[in-house]
Amino acid sequence: MLLREEIDMGLVPVAVIPEMREYYINGEYCIGSDGPVASVCLFSEVPIEEVTAVMLDYQSRTSVELARVLLKEYWKTDPLLLDAGPDFRQQIRGTTAGVVIGDRALEQRKISPFVYDLGEGWKQLTGLPFVFAAWISNKPLDAAFMERFNVAMKQGLERIDEVIAENPYGIFDLREYFTKRLDYRLDGSKRRGLDRFIRYLRDYLQINTLTANRPTCQ
């Protein structure tokens with residue numbers, strides 16, 4: 001909807017940014033991490049250097065692109081990348097790994113012997129935190145509105161205890177997840193991390209475009 005200009009702003013995966021003709025990153029908050037995030041990981045039965053194929057979570061966009069970056073730039077591997085369907089976790093076996101996000105990733109942590117946290121991988125690669133999603137608009141927004149918006153976001157984060165109390169979850173400690181694994185502050189270091197990630201995305205898009213347009217030998 002943001003790309004079609006049906007809405008002015010949305011909390012969207014940052015991987016959409018290269019597709020936008022014009023974009024603005026708004027507010028003081030995001031969904032990010034400054035190290036291990038726990039809920040965005042690559043899982044396997046073997047060490048990463050033995051992985052020959054990686055299933056890519058169909059529910060993610062930014063996480064999938066982050067995995068592509070880390071596989072090439074951090075782990076220095078070149079496995080076959082496969083778009084996954086709804087039941088793909090059952091295919092994480094042997095030398096086939098999988099990128100899993102969200103609640104299913106927290107569950108998979110108890111199953112797979114090898115867990116590679118993408119937030120941690122990014123921090124090791126760049127020394128910077130990572131932004132998974134941000135409040136992005138396709139036009140400049142009114143400053144007074146954004147001031148009120150930031151107040152609303154702050155009030156929401158101050159009620160994390162209530163959220164935890166209303167959502168009992170036995171798989172992972174939600175207090176640790178919401179207060180230590182996720183980091184919502186869109187500060188200068190996160191903006192630098194986001195800029196670095198966008199540069200990677202644009203470089204890869206350019207490489208893919210050049211490869212697609214390369215003439216084949218007859």
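The values are calculated or read from the model by the stated rules, or taken from the named source; none is laboratory data. All values reported here derive from a predicted model rather than from experimental measurement. As a convention, Cβ positions derive from the backbone with ideal geometry for all residues, glycine included, and neighbour counts pool all protein chains shown. Quick note on the areas: whole protein, heavy atoms, side chains included, nothing else; ligands and nucleic acids left out. Shrake-Rupley method; radii C 1.70, N 1.55, O 1.52, S 1.80 Å.
Structural remarks
- Low-density loop positions, trypsin sites (Lys or Arg not before Pro), region 9-82 - DSSP coil, at most 16 other Cβ in 10 Å: Arg21, Lys76
- Unsatisfied cross-links (Cα-Cα over 22 Å) in the set Lys154/Lys190; Lys72/Lys180; Lys123/Lys180: Lys72/Lys180
- Region 1-103, relative contact order in percent, only Cα pairs under 8 angstrom and at least six apart counted: 36
- Near Ala97: Cβ cut-off under 12 Å, other residues only, Lys/Arg at +1 and Asp/Glu at -1. The net charge is -2.
- Counting only whole DSSP H helices of the chain, there are none at least 24 Å long by C-alpha along their axis and with mean Kyte-Doolittle hydropathy no lower than 1.0.
- Calculated from backbone phi, Karplus (6.51, -1.76, 1.60) coupling profile of region 130-142 in Hz, x at Gly/Pro: 10, 10, 7, 8, 9, 7, 10, 10, 9, 7, x, 10, 4
- Net +/- balance of residues flanking Lys139 in space, Cβ distance below 15 Å, scoring K and R +1, D and E -1: -3
- Normalised by the number of residues in the chain, the mean separation of alpha-carbon contacts (under 8 Å, six or more apart) gives a relative contact order of 35 percent.
- Each distinct pair of alpha carbons in the chain adds a 1/r term; the inverse of their mean, the Kirkwood radius, is 18.7 Å.
- Per-residue ellipticity at 222 nm, computed for the chain from helices alone with -39500 (n - 2.57) per DSSP H run of at least four residues, works out to -11000 deg cm²/dmol.
- Loop-resident sites, region 1-99, for GluC sites (Glu not before Pro), counting at most 14 other Cβ within 10 Å (DSSP): Glu5, Glu6, Glu22
- Cα-based Rg of region 145-211 normalised by 2.2 N^0.38 Å, two decimals: 1.64
- In units of the rule-of-thumb radius 2.2 N^0.38 Å, region 1-118 shows an alpha carbon radius of gyration of 1.15.
- Fraction of accessible area attributable to carbon and sulfur, region 55-138 (%, probe 1.4 Å): 45
- Surface analysis of the chain yields an accessible area of 56 Å² per residue, using protein heavy atoms and a 1.4 Å probe.
- Three principal axis lengths of region 117-175 [C-alpha, angstrom, descending]: 41, 36, 17
- Cα gyration tensor, region 81-209 - rounded (a/c under 1.5), prolate or oblate: oblate
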